[in-house]
1. Can you tell me which residue among TYR166, TYR183, TYR195, TYR174 is in a strand (DSSP E or B) and either modelled with pLDDT of 95 or more or open to solvent by less than 50 Å² (accessible area, probe 1.4 Å) (or both)?
2. Which pairs have Cβ atoms under 8 Å, sit 6 or more apart or on different chains, and link a residue in segment 351-364 that is closer than 19 Å to ASN60 by Cα and in contact (Cβ under 8 Å) with a residue 12 or more places away in the chain to one that is among the aliphatic types (A, V, I, L, M) and part of a loop (DSSP other than H, G, I, E, B)?
3. Looking at (1) over 19 Å from the mean Cα position of the chain (by Cα); (2) surrounded by 15 or more Cβ atoms within 10 Å (Cβ to Cβ), which one does GLN311 not meet, given that it meets all the others?
4. In segment 283-312, what count of residues is obtained for those that are hydroxyl-bearing (Ser, Thr, Tyr) and under 12 Å from LEU200 (Cα atoms)?
5. Taking ALA382, is it surrounded by 19 or more Cβ atoms within 10 Å (Cβ to Cβ) and among the hydrophobic types (A, V, I, L, M, F, W, C)?
6. From (1) part of a helix (DSSP H, G or I); (2) surrounded by 15 or more Cβ atoms within 10 Å (Cβ to Cβ), pick out the condition that doesn't hold for VAL219.
7. If the Cβ limit is 7 Å and pairs must be 6+ apart or interchain, which residue in segment 292-311 that is over 17 Å from TYR178 (Cα atoms) pairs with which residue that is among the polar types (S, T, N, Q)?
8. State whether the residues of segment 315-324 include one that is part of a loop (DSSP other than H, G, I, E, B), in contact with a Lys or Arg (Cβ under 6 Å, 6 or more places away or on another chain), open to solvent by less than 20 Å² (accessible area, probe 1.4 Å) and at negative phi.
Amino acid sequence: MMGNYHLLLLVMVVAVVLHAPAAVQAAAAQKQLVPCMYIFGDSLVDNGNNNNILSLARANYRPYGVDFPDGAAPPGRFTNGRTMVDLLAGLLGFQPPFIPAYAMAQPSDYARGLNFASGAAGVRPETGNNLGGHYPLSEQVSHFRSVVGQIAPAGRDKRLGRCIYYVGMGSNDYLNNYFMPDYYNTAQTYDPAAYAAALLQEYERQLTALYALGARKFVVAGVGQIGCIPYELARIDDDGDDQGRGRPPPTSGIGLATPGITVSIGGSGGNRSTANGGAKKSGCNDKINSAIAIYNKGLLAMVKRLNRGQQTPGANLVFLNAVNSGKDLAANAAAYGFTVLDRGCCGVGRNNGQITCLPMQRPCDDRTKYIFWDAFHPTEAANRIIANKVFSSSSTSDAYPINVSRLAAI
C-alpha cells in the first residue's frame, strides 16, 4: 500500500513539473555557477550599507525601491528596483534571498557572498566626504578581510578562488572630488591624466589586496560618460555652458554616483526628453567625459596587465565597458522600449536632475520607459539590459576579454 502511495506521489510531482510554466522550470533547473559573489562599489550597487550611518548618501525611503520584489520597506538601493549586480547575481544562478549588504548580514551569510558597496564611495578615501559618512574602497576591502577571517578555514582558499568579485569604482572620484574644486584640491594638484594615474595606482593596490585574500575572478566595471547624466544636463544652459561648476551638487538626502550609461546624442536645448519614441538633441559636459575616457583607458590597461599574471598568477579579470553599454541603450532605445532618455523618472527641476527623488515623491508611472531613475542612477529596466549584455555578450567591446558567464566557468 505504501509503495502505491509513493508511486502516486511521484506521478503527481512529475505532472506538476511538466505543466509548470517554462520560466519556472528553467529557474528550477538553473544551478549556481559560482559558490559565492562579493561586491565592492558605490551607489550604483549599494544595497543598504549606508542606511544606518550619518550620511546624505542614503536611499532607504520611498520612492526608492518602489518596484523592489517582495519588499515592504525601501531596501537602500539607489533605484526603483534591482541593481545591475542583483540581476547579474540572478544570471549566475543565485536565488533569493539577494546577496545581503555587509552592514545587515549575519555570519551565516559570509560564505555565500556579501555586498560591501557604499553610496558616495570612491577609490580615494576623501572622495564623497561632502556627503558625510560612507565606506571608501580601502575600507570595503578591510571589511572583506575581516569576513575572510571568520569563514571556516577548511577549503576556504579554494572556495574563495572560485567566487566572482565585482568591483566598480571611480564615478564619485570625479563627481564628488575632482570636479568639485570648492571642496577638494585635486583639480589644482593634478591634470586629468595625472589624476587618473593616481586613482589607478590606488585601485590596483586594492585589487591586489583582494587577490592576496584569495580572489581570482574579478569583474571590473568602467565608468560611464557621466557628463551626460540628467544632473549634468540640468547644469548646462541653452548655450552649452556649465552652470556653477564647483558648487556643491544638490542632494536633498540622496547619495551621488553615476550610471554606466550615456545619452550621447549631441546638440543642446531646453526640454531634453521626449515621450514619442524620438529624442531632442542634447549637449553633454565634454570636459568630464574626456577625463573619464582617460581613466577608462588606464583601467583597461590595468586589467590587461594583471591578466598577464606576473604579479597575480591565476587571476582572471573582466573589464566591463560602461560607455559602450550606454551608447547601445541610447542608440537602440526604441527597441528596448525606452522613450525618455535623459530625464529622471523622479526628481526636481530641469531634466528632473537638479534635485533627486524627494521623500514620498510620486515617480513617473511607467518606469520601463525611462533609462534614468533619478538624476544619477539607472532604472531597473536599464540595469537588466546591461546585466544581460555583460553576462552573455560575445563582443569584447562590451566585456573584455570574455563575458561574465565564461569567467564563471573558468
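The values are calculated or read from the model by the stated rules, or taken from the named source; none is laboratory data. The model shown is predicted, which means the values in this text are computed figures rather than measured ones. Cβ placement follows ideal geometry from the backbone for every residue including glycine, while neighbour counts extend to all protein chains displayed. Note: areas computed on protein heavy atoms with side chains; ligands, DNA, RNA excluded. Shrake-Rupley method; radii C 1.70, N 1.55, O 1.52, S 1.80 Å.
1. Every option except TYR166 fails the conditions.
2. Short answer, once both residue conditions are applied: ILE355/ALA375; THR356/ILE254; THR356/ALA375; CYS357/ILE254; PRO363/VAL66.
3. Looking at each condition in turn, GLN311 falls short on (2).
4. Number of matching residues: 1.
5. yes
6. (1)
7. Close Cβ pairs (under 7 Å, with a partner that is among the polar types (S, T, N, Q)) amount to LEU306/THR312; ASN307/ASN316; GLN311/THR208.
8. Checking segment 315-324: at least one residue is part of a loop (DSSP other than H, G, I, E, B), in contact with a Lys or Arg (Cβ under 6 Å, 6 or more places away or on another chain), open to solvent by less than 20 Å² (accessible area, probe 1.4 Å) and at negative phi.
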